[in-house]
Amino acid sequence: MANNTALPLVLLAEQFAKLPGIGMKSAQRLAYYVMGMTDEDVRAFADALIRAHETVRCCSECQNLTEGELCPICSDDLRDKGTICVVETPKDIAAFERTNEYKGVYHVLHGLISPLDGITPDKIRLKELLARIQKGGVEEVIMATNPTVEGEATAMYISKLLKPLGVRVTRLAFGLPIGGTLEYADEVTLFKALENRNEI
């Protein structure tokens, strides 16, 4: 921001710029937008930030974000507790829930193993997953990490840890999207589509 901009506005823009996907220009636009809000709206916005930060915590069972001890999914007796879908972030759960097809429960890792970034297995919610499985009753763990280098490495690492525990470990199938065209698919997507083909 220009040197003639009020310091509180500069500091506000710098805070917005810390958010993922927000560059300095977008941060400046957001800061100016906030300046145009009413005092009541600004207080409500600030209160919502503070309340969320103070009251939302990790579910003691699956590590999803929740207000209570257990999230609504873990406390639902109709969910299949014998199937755990392992995801990277809480927002991945929302994607699965939109399908209205998955009836199991989840486990949120809150990250992926990435030694180059200093993220080792002890820095993700892995010990909580192992504790759930050691309690018994889990038949299948679905690895639903993204098909990236880190996602694949994390899935393989967890798979090796779980196999000796007698749990079936599966991986999401990756391949061609519905409505996709072969001509425009990249080589890795086509390979995964071939590798994960099903009998019809």
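The values are calculated or read from the model by the stated rules, or taken from the named source; none is laboratory data. Because the structure is a prediction, the values reported are computed rather than measured. Cβ atoms come from the backbone with ideal geometry, glycine included; neighbour counts cover every protein chain shown. We work out accessible area using only protein heavy atoms, side chains counted, and drop any ligands, DNA or RNA first. Shrake-Rupley method; radii C 1.70, N 1.55, O 1.52, S 1.80 Å.
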With only Lys, Arg, Asp and Glu charged, each at its Cβ (+1 for the first two, -1 for the last two), find how big the charge dipole of the range 104-200 is about the Cα centre; round to the nearest 20 debye.
-> 580 debye
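Got a number for carbon plus sulfur as a percent of the chain's accessible area, 1.4 Å probe? Numbers along the way, then the final one.
On the way: 7790 of 13540 Å².
Summing carbon and sulfur atoms, their accessible area is 58 percent of the total for the chain.
Taking the Cα centre of the chain as origin, sum charge times position over the Cβ atoms of Lys and Arg (+1) and Asp and Glu (-1), and report the length of that vector in debye to the nearest 20. Walk me through the numbers before you get to the answer.
On the way: 22 positive and 28 negative charges, 81 e Å.
Using Cβ point charges on Lys, Arg, Asp and Glu, the chain gives about 380 debye.
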Along the charge dipole of the chain, which of C62, P121, N196 sits closest to the positive end, that is, farthest toward it, with unit charges on the beta carbon of Lys, Arg, Asp and Glu (+1, +1, -1, -1)?
-> P121
Report the FRET efficiency, 1/(1 + (r/R0)^6), for A46 and T89, where r is their Cβ-Cβ distance and R0 is 35 Å, rounded to 0.05.
-> 0.90
On the formula 1/(1 + (r/R0)^6), with r taken between the Cβ atoms of Q134 and L172 and R0 of 30 Å, the FRET efficiency rounded to 0.05 is 0.80
Using a 1.4 Å probe and ignoring any ligands, DNA or RNA, find the accessible area of K25 and quote it in Å² to the nearest 10.
-> 150 Å²
Computed on Cα atoms, Rg of the range 86-133 relative to 2.2 N^0.38 Å comes out at 1.29
Provide, for q = 0.11, 0.14, 0.21 Å⁻¹, the log10 of I(q)/I(0) from a solvent-free Debye sum over equal Cα point scatterers in the range 128-200.
-> -0.37, -0.56, -0.95
Using only the Cα atoms of the range 1-94, construct the convex hull and provide its projected area averaged over every direction, in square nanometres to one decimal.
-> 8.2 nm²
Applied in sequence order to the range 79-96, the curve 6.51 cos²θ - 1.76 cosθ + 1.60 (Karplus, θ = phi - 60°) yields integer Hz couplings, x standing for Gly and Pro, of 6, 7, 6, x, 10, 10, 9, 8, 10, 7, 10, x, 5, 5, 4, 4, 5, 5
Residues of the chain: accessible area per residue with a 1.4 Å probe, Å² = 68 Å²
Using a 1.4 angstrom probe with every protein chain in place, what is the largest-first accessible-area order of V10, V188?
-> V188, V10
Taking 140-151, 116-127, 26-37 and ranking on average Cβ neighbours within 10 Å, highest first, one gets 140-151, 26-37, 116-127
What distance in nm separates the simple spin-label points at R79 and M24, each placed 7 Å from Cα in the Cβ direction?
-> 4.3 nm
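I want the antiparallel fraction of DSSP beta bridges within the chain, as a percent rounded to 5. Please report the intermediate quantities before stating the final value.
On the way: 3 of 16 bridges.
Roughly 20 percent of the beta bridges in the chain run antiparallel, per DSSP.
Could you tell me what percent of the DSSP beta bridges with both partners in the range 69-173 are antiparallel, to the nearest 5? Mind dumping the intermediate values first?
Details: 1 of 14 bridges.
Roughly 5 percent of the beta bridges in the range 69-173 run antiparallel, per DSSP.
Need the full-extension length gain, C58 to Y157, defined as separation in residues times 0.36 nm minus the C-alpha distance. One decimal, nm. Spell out each step's value before the answer.
On the way: separation 99, 0.36 × 99 = 35.64 nm, distance 2.32 nm.
Using 0.36 nm per residue and subtracting the Cα-Cα distance, I get 33.3 nm.
What dipole magnitude, in Debye to the nearest 20, does the range 44-87 give about its Cα centre under +1 on Lys/Arg Cβ and -1 on Asp/Glu Cβ?
Approximately 120 debye in magnitude.
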From zero up to wherever the largest Cα-Cα distance of the range 139-178 sits, split into 10 Å bins and tell me the percent of pairs in each.
-> 30, 51, 17, 2
How fast does the chain diffuse by Stokes-Einstein, in µm²/s, taking the Kirkwood radius from C-alpha pairs at 10 °C and 1.306 mPa s?
-> 79 µm²/s
Tell me which lysines have Cα within less than 24 Å of K18's Cα, excluding those fewer than 8 residues away on the same chain?
-> K91, K123
